[in-house]
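No value in this document is a laboratory result; all are computed from the given coordinates. Here the structure is a predicted model, which is why all the values come from computation and not from measurement. With ideal geometry, Cβ positions are generated from the backbone for all residues, glycine too; neighbour counts draw on all protein chains shown.
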Amino acid sequence: MIKLLLTNLKHFFITFTLLSIVIIAIGVNLGADVDYGDNPLAYKMDKEGPHIFFENENLVLNYIRGNRKEGFHIDQKIYPQDTSFPATVNFILEDSEFEFMVNPTITQPASVYNDNNPILAISDVESSFKTFRDFLLANKVIDLKLNWIFKKGHLVLVGDFVDRGFSTTQVLWFIYKLEQEAKRHGGNVHFILGNHEIKNLQGNFQKAAFKYLHVASFFGKQQSELYGPDSFLGRWMASKNSLEMINGHLFVHGGIHPKISEFDYSIDEINQIVRDNYRKPSFPKPDPSNEDLLLSRKNGPSWYRGYFQGELSQQDVEKGLDKFGAKDVIVGHTPQSKVSKKFNSKVFAIDVKHPRDYRGSFPFRSSEGLLIDNDKYYRVLDDGTKELL
């Protein structure tokens, strides 16, 4: 009897193990993964910042200093609104820093660019500073001192660089720093807003790391004020576009609903309509207007997933592109197993699951992006290698 029981148990465990391997293999093939093991450094508050706010014709720069044992305080400096000043960002995982100058003048970017310079695009970094930095290092956008070396190239950030991670402050200021440096070299950093940047501008922090609720409280503010109208980063993000055309390639976080082709709006006009409503949550109307489609949380440019839901024909896709005279569209928002092309190379999907700064995953994640150079398209990896698409 015992021998029979042991034999049955043996068969059960063998069957269970084989089934588990098959299920895991299928899950991995479908893009499933598991996060594990938050690094406790993710919760450290010391050196968090800067958080800069407009107050009484001044800019007030704030850092959090201290720890739970000894208590916390705010290190604060005040500058006139017309004065540039230095700031430093600490990345606590490595105890590293980068410096930059804060320019109080925030300008609205252009919507259309025409030159023959290379384009490197990446999306959906989701507050992972180390991942973002290392990808740019490997692909020669920056040097080891984090300085811009991409010359007159275009670095296109196709939305969702905030939320879900613990390095939102570091990621946003890093983008800001590179934006300033690229301009001085004749290059461009294009920060195109995704639905998560818009959520943050609207005060929707459901997907933000809970750390930032506590960060806001240190300054005596609600979390919605971290990127509110009186926040420097908030005003800077609110100046950005939701779609841009670069050398004939259309970049947008979600996609272009084919019905937009029926609207008499230019790219500039669409950007202005969406920008004017960044801080106004949308909702379905009984009699929706053209503007309501642009602002929709389902069909707006920063939210649309139609390219991946089997609802569009080749003609539908090209109708949206022909409206703007675009060669193709590059999108994030909808996760892919790798950077890939769809609809006869009219849609390039670049949202992959990037590694997280303070958390592991199984299977291990790796970053990817898209390089467009001399009318050729490359899938680029986080070790600097590239594959012709």
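Annotations for the structure displayed:
- Amide hydrogen neighbours beyond the local backbone of residue 377, cut-off 5 Å, H modeled: 389
- Note on 237, 245, 45, 101: ascending count of other Cβ atoms within 10 Å places them as 101, 45, 245, 237, the fewest first.
- In the stretch 178-322, a dipole from Cβ-located charges (positive for Lys and Arg, negative for Asp and Glu) runs towards its positive end, and of 223, 277, 243 it is 223 whose Cα lies farthest in that direction.
- C-alpha center-to-center spacing [the stretch 320-358, the stretch 253-309] in angstrom: 18 Å
- Taking amide H as placed 1.01 Å from N in the peptide plane, residue 167 has its amide H under 5 Å from the amide H of 129, each at least 5 places away in sequence or on another chain.
- Distant-in-sequence amide contacts of residue 102, defined by a placed amide H-H separation under 5 Å and a gap of 5 or more residues or a different chain, comprise 85, 87.
- Unit Cα scatterers, Debye sum, the stretch 155-250: log10 I(q)/I(0) for q = 0.13, 0.20 Å⁻¹: -0.46, -1.00
- In this structure, the residue pairs whose Cα-Cα separation is over 23 Å, taken from 183/376; 183/240; 47/69, are 183/376.
- Mean Cβ count within 10 Å, highest first, over the residues of peptides 103-112, 87-96: 87-96, 103-112
- Exceeding the 32 Å Cα-Cα cut-off - candidates 177/259; 298/323; 145/221: 177/259; 145/221
- In terms of packing, defined here as the mean over residues of other Cβ atoms within 10 angstrom, the peptides 368-376, 122-130, 344-352, 170-178 line up highest first as 122-130, 170-178, 344-352, 368-376.
- Simple Cβ-charge dipole of the stretch 112-388, Lys/Arg +1 and Asp/Glu -1, about Cα centre, in debye nearest 20: 780 debye
- Distance between the modelled labels on residue 206 and residue 97, one decimal in nanometres: 3.9 nm (7 Å Cα→Cβ projection).
- Within the stretch 112-388, antiparallel bridges make up roughly 55 percent of the DSSP beta bridges whose residues both belong there.
- Rounded is the label for the stretch 83-194, because the ratio a/c of its alpha-carbon gyration tensor axes (a ≥ b ≥ c) stays below 1.5.
- Normalising the Debye intensity of the stretch 267-333 to I(0), with uniform scatterers on Cα atoms only, and taking log10 at q = 0.17, 0.24, 0.29 Å⁻¹ returns -0.71, -1.26, -1.38.
- Estimated 222 nm signal from helices in the chain, with DSSP H stretches of n ≥ 4 weighted -39500 (n - 2.57), rounded to 500: -8000 deg cm²/dmol
- Over the chain, the alpha carbon radius of gyration divided by the compact-protein estimate 2.2 N^0.38 Å works out to 1.07.
- Under the span-like rule (Cα at least 24 Å along the axis, Kyte-Doolittle mean at least 0.0), DSSP H helices of the chain: 2-29
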